[in-house]
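Everything below concerns the one structure shown next.
Every number in this text was worked out from the coordinates using simple rules, so none of it is lab data. Remember, it's a predicted structure, so these values are computed and weren't measured experimentally. Backbone-built Cβ (ideal geometry, glycine too); neighbour counts: all protein chains shown.
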Amino acid sequence: MSYKTELTSLEVLASSLPFRLDEAERVNEAFTSYMSSGQKQQKVLIDLWTYCFVRRYFLIKFLKESVFRSAELDQIVEKTYQKVERSRGGIESHDRYAQWVSVVCRNTYINFVTRRRPVTGLEQLLSDPPAELEKLDVEENAAGLHVAVLRAIESLPEFLQPAARMKFVENLSYEEISRIIGKRVPTVRSYIHKTCSRFRKDHSLQAWATQIFDNE
């Protein structure tokens with residue numbers, strides 16, 4: 001099965017959830033409720049969302065990196081899911097579960113790429129950070145940027161958030177975003193332009209603004 005076919009199948013599986021994979025607020029509400037009550041039905045929902053989110057994250061990454069093997073996909077998905085399941089009981093902020101899972105995925109992917117090829121191979125992943133940031137630890141730098149972007153996305157108007165998340169978190173193309181959200185490509189471009197205008201004013205993103213947003 002190709003990655004694109006599997007991604008489509010995964011979207012079908014995720015459609016059984018009462019919320020979309022990118023609806024962080026509703027996911028966080030469900031996780032908070034589960035942690036309070038411990039109901040089995042809620043755990044099933046959280047487990048299904050977590051699996052779908054994690055596998056989609058890495059499917060998208062592997063789609064863009066043809067050198068990765070399919071066996072590595074299964075391994076990294078399993079490793080990440082187990083890490084999330086093992087550690088989520090210790091999360092202090094239950095209302096940020098979705099964001100936490102996203103950061104776990106990001107960090108695991110960076111570690112995977114770092115081990116697989118020289119650190120210089122992360123140049124594109126980090127979007128060519130400015131010179132004053134190059135001395136920082138690669139993983140810490142990437143994770144910090146990722147969290148800053150997630151927070152900036154959460155502050156956007158609701159109608160901009162899905163496209164912004166797909167563009168700057170999942171690195172999807174305009175055509176892919178158009179297909180997923182059901183909007184024409186020019187509309188998606190307009191959404192991303194509006195998003196970039198807001199991001200350039202975000203203090204936590206100013207160090208990366210030129211490198212990340214000036215081409216949008």
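Rounded to the nearest 0.05, what FRET efficiency do residue 159 and residue 75 give with R0 = 35 Å and r taken as the Cβ-Cβ distance? Could you check? The computed FRET efficiency comes out at 0.40. Taking every C-alpha pair closer than 8 Å and separated by at least 6 residues, the mean separation divided by the residue count of the range 1-117 gives a relative contact order of 33 percent.
Using a cut-off of 25 Å between Cα atoms, the listed pairs 4/201; 43/64; 43/83; 40/79; 40/64; 4/43 include 4/201; 43/64; 40/64; 4/43 as exceeding that distance.
Residues 58, 31 in ascending order of nearby Cβ atoms (within 10 Å, fewest first): 58, 31.
Among 35, 166, the order by Cβ neighbours within 10 angstrom, fewest to most, reads 35, 166.
Farthest toward the positive end of the dipole of the range 1-117, out of 39, 66, 8, is the Cα of 66, where the dipole comes from beta carbon charges about the Cα centre.
Inter-label distance, residue 19 to residue 36: 1.3 nm, where each label sits 7 Å from its Cα along the C-beta direction.
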